[in-house]
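K.L.:
One structure is given below, represented as structure tokens, and several questions about it will come after.
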Amino acid sequence: MTTKALSAKELEDIGALLKQQRNALSEHLRGGLHVDANDEVRATPETDADWTTATSEADAALLRVEHDATELAAYDRAIKKHKTSEFGQCETCGTQIGYARLLAHPTAERCLACQTRAESRHFASTTGAERRHN
């Protein structure tokens, strides 16, 4: 399936969306960081919870920060790529990623067909591994 190249207006819209969403994510990530009494930055707040609960909460907080940092890196890559002619091209097959997909997921690196295949392969490999371990 061939998708037409993005127009200048569409590229401008996606660029603005990338910057807006990156800034919002950056603020969210900063909001999840805490400065303790020693002026050290931590991803987990101080808590009066018991050890098991505090550990569980800390693990969840660290996973959220790790996820957000990974997303932030994806936005940075997309913003950098947006300045080149490669922006919006599927990294797997080279076709143009559709405007609607980029509006919904501006950091998309694959067209919908290639992303669907990649997720199907990933799902099949993880469920197959789980079946072998059960």
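K.L.:
Could you list all residues from segment 79-102 that are in contact with a helix residue (DSSP H, G or I) (Cβ under 7 Å, 6 or more places away or on another chain), under 20 Å from E119 (Cβ atoms) and part of a helix (DSSP H, G or I)?
P.N.:
R101, L102
K.L.:
Hey, another quick one. Can you pull out every residue in segment 6-17 that is under 22 Å from A113 (Cα atoms) and under 24 Å from the mean Cα position of the chain (by Cα)? Can you show your working first?
P.N.:
Within segment 6-17, the first condition is being under 22 Å from A113 (Cα atoms), and the residues that meet it are 6-7, 10-11, 14.
The answer is L6, E10, L11, I14.
K.L.:
Residue by residue through segment 1-30, note down the ones that are touching a strand residue (DSSP E or B) at 6+ places or on another chain (Cβ under 9 Å) and among the aliphatic types (A, V, I, L, M).
P.N.:
A5, L6
K.L.:
Condition first: at pLDDT 85 or above and acidic (D, E). Now tell me which residues in segment 111-130 satisfy that.
P.N.:
E119 - this is the single residue of segment 111-130 that is at pLDDT 85 or above and acidic (D, E).
For every residue, the table says whether it meets (1) surrounded by fewer than 16 Cβ atoms within 10 Å (Cβ to Cβ); (2) of a type outside the set (V, I, T).
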| site | (1), (2) |
| --- | --- |
| A61 | no, yes |
| D68 | no, yes |
| I79 | no, no |
| K83 | yes, yes |
| Q89 | no, yes |
| A100 | yes, yes |
| P106 | no, yes |
| T126 | yes, no |
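K.L.:
Could you please give the count of residues in segment 91-119 that are among the hydroxyl-bearing types (S, T, Y) and under 11 Å from I14 (Cβ atoms)?
P.N.:
Final tally of qualifying residues: 2.
K.L.:
All but one of (1) outside any helix (DSSP H, G or I); (2) over 17 Å from L17 (Cα atoms) hold for E109; state the number of the condition that does not hold.
P.N.:
That leaves (2) as the condition not met.
K.L.:
Among the numbered criteria (1) modelled with pLDDT under 90; (2) in contact with a strand residue (DSSP E or B) (Cβ under 7 Å, 6 or more places away or on another chain), which one does G88 miss?
P.N.:
With respect to (1) modelled with pLDDT under 90; (2) in contact with a strand residue (DSSP E or B) (Cβ under 7 Å, 6 or more places away or on another chain), G88 is out only on (1).
K.L.:
Here are the criteria: (1) modelled with pLDDT under 95; (2) within 16 Å of the chain's Cα centre (by Cα). Tell me which single one A108 does not satisfy.
P.N.:
(1)
K.L.:
Considering every residue within segment 69-78, establish whether at least one is in contact with a Ser or Thr (Cβ under 9 Å, 6 or more places away or on another chain), in a helix (DSSP H, G or I), hydrophobic (A, V, I, L, M, F, W, C) and under 18 Å from S7 (Cα atoms).
P.N.:
yes
K.L.:
Could you look through segment 1-35, keep only residues that are surrounded by 13 or more Cβ atoms within 10 Å (Cβ to Cβ) and over 23 Å from E86 (Cβ atoms), and pick out the one that is modelled with the lowest pLDDT?
P.N.:
Filtering segment 1-35 for residues that are surrounded by 13 or more Cβ atoms within 10 Å (Cβ to Cβ) and over 23 Å from E86 (Cβ atoms), the one modelled with the lowest pLDDT comes out as H34.
The values are calculated or read from the model by the stated rules, or taken from the named source; none is laboratory data. The structure presented is a predicted model; accordingly, all values stated were derived computationally and were not measured. Glycine gets a Cβ as well: all are built from the backbone with ideal geometry, and neighbour counts include every protein chain shown.
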